[in-house]
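The values are calculated or read from the model by the stated rules, or taken from the named source; none is laboratory data. These numbers come from a predicted model, not from an experiment. In this analysis, Cβ positions are derived from the backbone assuming ideal geometry, glycine residues included, and neighbour counts consider all displayed protein chains.
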Amino acid sequence: MPEIQKMGVNLVAICPQRSEFLKQMRKKNGLTFDILCDSENRYSEKLGLRFILPDYLQEIYQSFQIDLPRVNGEPSWSLAMPARYVVNQEGMITTADFDPDYTKRPEPTKTVQDLKNIA
């Protein structure tokens, strides 16, 4: 975060959780950047990133006491694939990273390098 801030760049996250849960997440993790609420995963759907969890995964979430419909404020059991976009000052996407496997995410060093590439 300090390197990103030195570049004068804004970092913004977009999540489907209701605002009360987003506030808790910011506080719990000491996050200093904005987190926007993507109500009902509408934006992620427009980007082609939204998916509905199959029944067996819903059961697993429930076994861990994760009530996704309550947290997201809607009953669809949908999530968005994790994605990361680097957008230049003209609003053009210069880099996009996403993967259906939620464990595959770009390293922070890649984000910093991508930002340096458009500076």
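Residues in the stretch 87-105 that are more than 16 Å from Ser44 (Cα to Cα) and either touching a helix residue (DSSP H, G or I) at 6+ places or on another chain (Cβ under 8 Å) or of a type in the set (A, V, I, L, M) (or both): Val87, Asn88, Met92, Thr94, Thr95.
Yes or no: Gln24 modelled with pLDDT of 95 or more and either more than 13 Å from the chain's Cα centre (by Cα) or among the aromatic types (Phe, Trp, Tyr) (or both)? If you could, list the steps in order and put the result at the bottom.
Working: modelled with pLDDT of 95 or more: no; either more than 13 Å from the chain's Cα centre (by Cα) or among the aromatic types (Phe, Trp, Tyr) (or both): yes.
Considered against the rule, which asks whether it is modelled with pLDDT of 95 or more and either more than 13 Å from the chain's Cα centre (by Cα) or among the aromatic types (Phe, Trp, Tyr) (or both), Gln24 comes out as no.
Contact map, the stretch 12-30: first residue over 18 Å from Ala83 (Cα atoms), second residue assigned to a helix (DSSP H, G or I), Cβ cut-off under 8 Å, separation 6 or more or different chains; pairs are Arg18/Val71; Arg18/Asn72; Phe21/Val71.
Only one residue in Lys110, Lys116 is of a type in the set (D, E, K, R), closer than 25 Å to Met1 by Cβ and within 18 Å of the chain's Cα centre (by Cα). Which one?
Numbers: Lys116 fails: within 18 Å of the chain's Cα centre (by Cα).
Selected residue: Lys110, the only one of Lys110, Lys116 that is of a type in the set (D, E, K, R), closer than 25 Å to Met1 by Cβ and within 18 Å of the chain's Cα centre (by Cα).
Return yes when Glu107 is modelled with pLDDT under 90, surrounded by fewer than 11 Cβ atoms within 10 Å (Cβ to Cβ) and charged (D, E, K, R) and no when it is not. First the steps, then the outcome.
Details: modelled with pLDDT under 90: yes; surrounded by fewer than 11 Cβ atoms within 10 Å (Cβ to Cβ): yes; charged (D, E, K, R): yes.
So Glu107 fits the description; yes.
Out of Gln17, Gln62, Gln89, which single residue is touching a Gly at 6+ places or on another chain (Cβ under 9 Å) and either loosely packed, with under 15 Cβ neighbours inside 10 Å or not basic (Lys, Arg) (or both)? Quick ask: steps written out before the conclusion?
Values: Gln62 fails: touching a Gly at 6+ places or on another chain (Cβ under 9 Å); Gln89 fails: touching a Gly at 6+ places or on another chain (Cβ under 9 Å).
Result of the check over Gln17, Gln62, Gln89: Gln17.
Select from the stretch 73-119 the residues that are of a type in the set (Lys, Arg) and assigned to a loop (DSSP other than H, G, I, E, B) and write down the one among them that is nearest to Cys15 (Cα to Cα). Looking at residues that are of a type in the set (Lys, Arg) and assigned to a loop (DSSP other than H, G, I, E, B), I get Arg105.
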